[in-house]
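What follows is a short report on a single structure.
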Amino acid sequence: MALPDFLIAGVPKAGTTALHAALTGHPDLFLSPVKEPKFFLSDGPPPRHGGPGDVQTYQEHVWRRGDYEALFAPAPAGARLGEATPFYLHDLAAHDRIKAVVPEARIILLLRDPVDRAHSNWTHLWNAGLEPEADFLAACRAEPARVEAGWAQFWHYLGLGLYGRQLEHLYRHFPREQVLLLRYKELKDAPAATLDRVCAFIGVRTGVLRAIPKENVNRHVVEDNALNRVLRGLLRAGGNFGHHFPVPLRLAARGPLLTLLHRKKGARPVTTPAERAELLPHFATDIALLQDITGERFDDWLSVDRHARAQQTPPFQ
């Protein structure tokens, strides 16, 4: 039986893909070839409906126990096994499933300023042509209705950032020594030291990994105009109905649309003081809870103005 020794369990748009890519270069580690198996997100088959593109994503879930274990079967003897599904922290039911299947697993969490995380999340789906709202705040206001309609977790821009309540629940299932809490900015600003912390936590050699692979960097930024609105409409339609067609056909249809949508690159948008001022009250109580639980300070997340100047060009998302 091959099951993971560690999980990169959160959070989306906080460097989890970068961390996964870096750890694959360690000779004592084996990470699942499917970067996000999502095994612990359901007790059986995933849902059959959701927002634009969700059903196609659900088809990619590795939800059968045998298929999940098969991901780790090729690992060399003695390697520490891991996978990265950044929705595990948000999905409170996943905590129970992880505890039942791999109770000794080490859990790695990367946290990011929740407003910046939400904005990066929205930007990701907007650039993919799937987000129907051209305005970030309008998309956030639409979240309750989307959740009610069963849209997948990646659309929960605000809910994914309530780390305090999520971590509080996780600590009821796992001792703190099994959880490594990192910040996005630590991986960004001090990658070698942060990677050493991760390796020491997992129990493999330090000093092996020094940097984040460059391929985690790029995203396109595309404007909202008449042609792009047509392209986005076609991409959303494909997201809603593409699951009826084979993957190669879906990719063949989607590729040219994305190429045309991304024909023009621009500077990555960042959260504005006005956006932060509207959203921070949603997170303030939870940030206080996070500080109480961890004993760490996250006061920088409560600032309205500093983020308009900082993080203009994050190295990865």
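The values are calculated or read from the model by the stated rules, or taken from the named source; none is laboratory data. Because the structure is predicted, anything quoted here is derived from the model rather than measured. Don't worry about glycine lacking a Cβ; one is built from the backbone with ideal geometry, like all the others, and counts go over all protein chains shown. Quick note on the areas: whole protein, heavy atoms, side chains included, nothing else; ligands and nucleic acids left out. Shrake-Rupley method; radii C 1.70, N 1.55, O 1.52, S 1.80 Å.
At a glance:
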| item | result |
| --- | --- |
| Computed Rg/Rh of the stretch 34-126, alpha carbon atoms with Kirkwood Rh | 0.98 |
| Segments 155-166, 106-117 sorted - mean Cβ within 10 Å per residue, highest first | 106-117, 155-166 |
| Surface share of carbon and sulfur [accessible, 1.4 angstrom probe, percent] for the stretch 41-181 | 52 |
| Quotient of Cα Rg and 2.2 N^0.38 Å for the stretch 1-76, N being how many residues it contains | 1.18 |
| Relative pair counts by distance (%), Cα atoms of the stretch 1-159, 10 Å bins | 10, 38, 35, 14, 2, 0 |
| Residue 8 long-range amide H proximity, modeled H, under 5 Å | 83, 84, 85, 108 |
| Relative packing of 295-301, 125-131, 92-98, which averages over residues the other C-beta atoms within 10 Å, highest first | 125-131, 92-98, 295-301 |
